[in-house]
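See structure below.
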Amino acid sequence: MNVSDIKRVLILGAGTMGQQIGFTCAMHGYDVVMYDISESVLDKSLKRMRKLGDWFVSFGRITPEGLDEIMERISVTSDPKEAARDTDFISESVPEDPEIKGKVFAQFNELCPERTIFTTNTSMLVPSQFAGKTGRPEKFAALHFHDLRISNVVDVMPHPGTSSEVTDLVCDFAKSIGQIVIMLHRENNGYVFNTMLSSLFFSALTLASKNVATVEDIDRSWMGVMHTPIGPFGIMDQVGLSTVWTITDYWAKKAADKQAQANADFLKGYVDKGFLGFKTGEGFYTYPHPAYADPGFLTGEKKAK
């Protein structure tokens with residue numbers, strides 16, 4: 001298969017990242033199917049994808065007419081058989097649990113055509129953890145996206161059983177949707193950027209969980225020294241606190257790391273209250289007008305909640 005043979009892209013998981021990936025694929029001419037087990041999630045995903053499109057229009061990246069054409073290329077379904085029909089390429093964004101991902105891929109291996117390429121958008125796991133469950137390990141690799149509103153950098157990470165032809169095809173597909181490919185030559189938990197980012201998150205969460213400094217002052221320190229518009233806790237809000245907690249808790253338990261577990265427990269306090277970050281309007285900060293965006297934030301003249 002060549003990249004020109006890819007016509008229909010299936011997105012497994014219609015959450016925030018699935019929505020961004022699906023919209024980007026449709027924006028570049030692909031027919032996109034969004035699959036999720038929840039009809040309510042699918043209904044919300046279409047509305048949020050339209051809202052994402054409006055955001056692109058506001059910045060002149062697409063026209064209003066172009067947005068209508070993009071949305072016409074996107075369909076949704078909770079029927080696995082319908083989702084798998086005639087699919088050429090899969091991007092998976094289900095929860096960060098290798099057992100869940102393995103079960104989902106095993107299900108779609110039975111339903112998809114033999115030609116279908118499987119990719120995972122996992123941010124911390126490596127593909128070899130569930131490659132065998134896909135039923136087609138030679139046609140499986142990681143294609144990891146960042147926030148597509150602000151970044152067009154992706155990680156491509158094959159596992160030892162991925163064929164070189166499939167690795168090349170995944171790279172070509174990423175380029176066809178306007179992405180800059182960062183090629184990993186060996187599996188690495190956290191990929192490239194996230195490896196660096198996870199160290200920042202760990203340090204920030206450790207400071208907060210030990211009550212060394214407030215969330216606001218930790219962000220203020222990073223922003224003031226590095227001259228960035230956002231600090232580590234603001235970034236966590238953008239990633240989604242449920243995602244950050246899931247990853248932190250998984251690795252804390254896997255490594256039996258007491259400090260990492262304390263960090264996960266600190267995050268869980270927010271998650272349990274439904275404070276999941278930007279997508280719910282409240283996390284470490286409140287949105288759409290977070291305190292860190294206020295001109296007086298750095299000097300401490302205006303505090304967050």
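What follows is calculated from the coordinates using simple rules that are stated; it is not laboratory data. What you are looking at is a predicted structure, and each value in this text was computed from that prediction instead of being measured. As a convention, Cβ positions derive from the backbone with ideal geometry for all residues, glycine included, and neighbour counts pool all protein chains shown.
Where the alpha-carbon atoms of segment 178-305 are placed on the principal axes, they occupy 46, 37, 27 Å, in descending order. Between exposed GluC sites (Glu not before Pro) in the chain, where DSSP calls loop and at most 14 other Cβ atoms lie within 10 Å, what's the longest gap? The reported range is 115-300.
Find the all-direction average of the projected area of the Cα convex hull for the chain, expressing the result in square nanometres with one decimal place. So the mean shadow area of the Cα hull is 15.6 nm². Of 262, 174, 293, the residue with the greatest mean-square motion in the GNM of the chain, using alpha carbon springs below 10 Å, is 293.
Rounded to the nearest 500 deg cm²/dmol, what is the calculated helix-only ellipticity per residue at 222 nm for the chain, with -39500 (n - 2.57) per DSSP H run of length n ≥ 4? Numbers along the way, then the final one.
Numbers: 11 runs with 140 residues, N = 305.
Rounded to the nearest 500, it is -14500 deg cm²/dmol.
Among the chymotrypsin sites (Phe, Trp or Tyr not before Pro) within segment 26-73, those in coil by DSSP and having at most 12 neighbouring Cβ atoms inside 10 Å are 59.
Considering only DSSP states other than H, G, I, E and B, which trypsin sites (Lys or Arg not before Pro) in segment 206-272 qualify as loop sites with at most 14 other Cβ atoms within 10 Å? Intermediate values should be presented prior to the final figure.
Numbers: sites: 210, 220, 253, 254, 258, 268; in loops: 210.
Here the sparse-neighbourhood loop sites are 210.
Annotation: amide H of residue 182 within the under-5 Å range of 154, 155, 156, sequence separation 5 or more or interchain, hydrogens built in the peptide plane.
Label positions at residue 50 and residue 199, each projected 7 Å from the Cα along the C-beta direction, are separated by 4.5 nm. Cross-link partners for residue 175 among the aspartates and glutamates, with Cα-Cα distance under 19 Å and sequence neighbours closer than 8 places in the same chain left out: 5, 31, 88, 92, 147, 155, 165.
Among the DSSP beta bridges whose two residues both lie in the chain, what percent are antiparallel, rounded to the nearest 5? Walk me through the numbers before you get to the answer.
Details: 7 of 31 bridges.
Approximately 25 percent, going by the DSSP bridge assignments.
Beta bridges from DSSP with both residues in segment 3-183: antiparallel share about 15 percent, rounded to the nearest 5.
Assuming a viscosity of 0.692 mPa s and a temperature of 37 °C, what translational diffusion coefficient in µm² per second does Stokes-Einstein assign to segment 3-183, Rh being the Kirkwood radius over Cα pairs? Let's see the in-between values first.
Numbers: Rh = 16.1 Å.
Translational diffusion coefficient: 204 µm²/s.
Computed from Cα atoms, the angle from the helix 98-111 axis to the main principal axis of the chain rounds to 20 degrees.
If we count every other residue with Cβ under 14 angstrom of residue 43's Cβ, Lys/Arg +1 and Asp/Glu -1, where does the sum land?
Values: positive: 44, 47, 48, 50, 51; negative: 36, 39.
Charge balance near residue 43 sits at +3.
The lysines within cross-link reach of residue 253, meaning a Cα-to-Cα straight distance under 18 Å and a gap of 8 or more places when in the same chain, are 268.
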